[in-house]
Ligand SMILES: C[S@@+](CC[C@H](N)C(=O)[O-])C[C@H]1O[C@@H](n2cnc3c(N)ncnc32)[C@H](O)[C@@H]1O
């Protein structure tokens, strides 16, 4: 078994189990989504603007709500995810809604083996890089799948967020900012339904901002910006407070919750 395959196998099984729980959750609100509500958040909507007629590759698309939201805005989308249950539901939703997205089930690191097209936009968001042991092959794959002058955009939880253990009462700073070792967590429920009886078993890795930027720039991308934000569009961490604009912040706003990064593929 190749290095890390045993981790990906466990994560895939957990994500397969999460699909049904999430599809029935209040957070993913399938009823509103089916009736036309976009699942996209202000950070990515503002950053990518008009996507009409653009080709868009969505990495780690879960069961496709965001991919299909971009499709509804006129983008020609391909979504990739390791979870076959997620991809099956995404394909079903695509058909049901009469959209034209395509979905591919594979490890995101193997995307170039399954998808040969190049894209105007590569997009990924909120809870993605922590499932990958090493960002170098991820950065290379993104550069391979972008057209020249194409845009990569990501909105992700800030690495500070992953320094805490949230499973035992009050969040406790426990994990290294750029810890190399794998982190294993096992807990009841998921971020979208903490009351669910499913047991999440997960292997993850922490990546500092320097690692993210270097993986992309070494692969040939020009970083347009890296922004840190203390407002999260998702209420998935303990003790967040809702703002008037519907975002979530920590009580004291001591550290960022989200970062956004935009990059362009340049000719080398
Ligand atoms: C937190 S979700 C992404 C969030 C997404 N924006 C959403 O809420 O719909 C993480 C996704 O990454 C996928 N994933 C985890 N490890 C992966 C891997 N190695 N390759 C591809 N997908 C992976 C999971 O199946 C899951 O769908």
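Whole angstrom only: what separates the Cα centroid of the stretch 1-54 from the Cα centroid of the stretch 87-141? Here the two parts' Cα centres lie 10 Å apart.
Using a cutoff of 8 angstrom between alpha carbon atoms and counting only pairs six or more residues apart, the relative contact order for the stretch 2-265 works out to 18 percent. Summary value for the stretch 1-143: 22 percent relative contact order, contacts being C-alpha pairs under 8 angstrom separated by 6+ residues.
Of the residues 31, 62, 158, 207, the one with the fewest other Cβ atoms within 10 Å heads the list, and the complete ranking is 31, 158, 207, 62. Estimated purely from DSSP H runs of n ≥ 4, each contributing -39500 (n - 2.57), the mean residue ellipticity at 222 nm for the chain is -8500 deg cm²/dmol once divided by its residues. Counting other Cβ atoms within 10 Å as a rough exposure proxy, the listed residues 253, 145, 72, 3 run 3, 253, 72, 145 from fewest neighbours to most. Looking at the chain as a GNM with Cα springs under 10 Å, which of 164, 119, 153 has the largest mean-square fluctuation? For the chain, modelled as a Gaussian network with Cα springs under 10 Å, the answer is 164.
None of the figures in this text is laboratory data; all of them are computed from the coordinates on show. This structure is a prediction, so every number in the text was calculated from the model and none was measured. In this analysis, Cβ positions are derived from the backbone assuming ideal geometry, glycine residues included, and neighbour counts consider all displayed protein chains.
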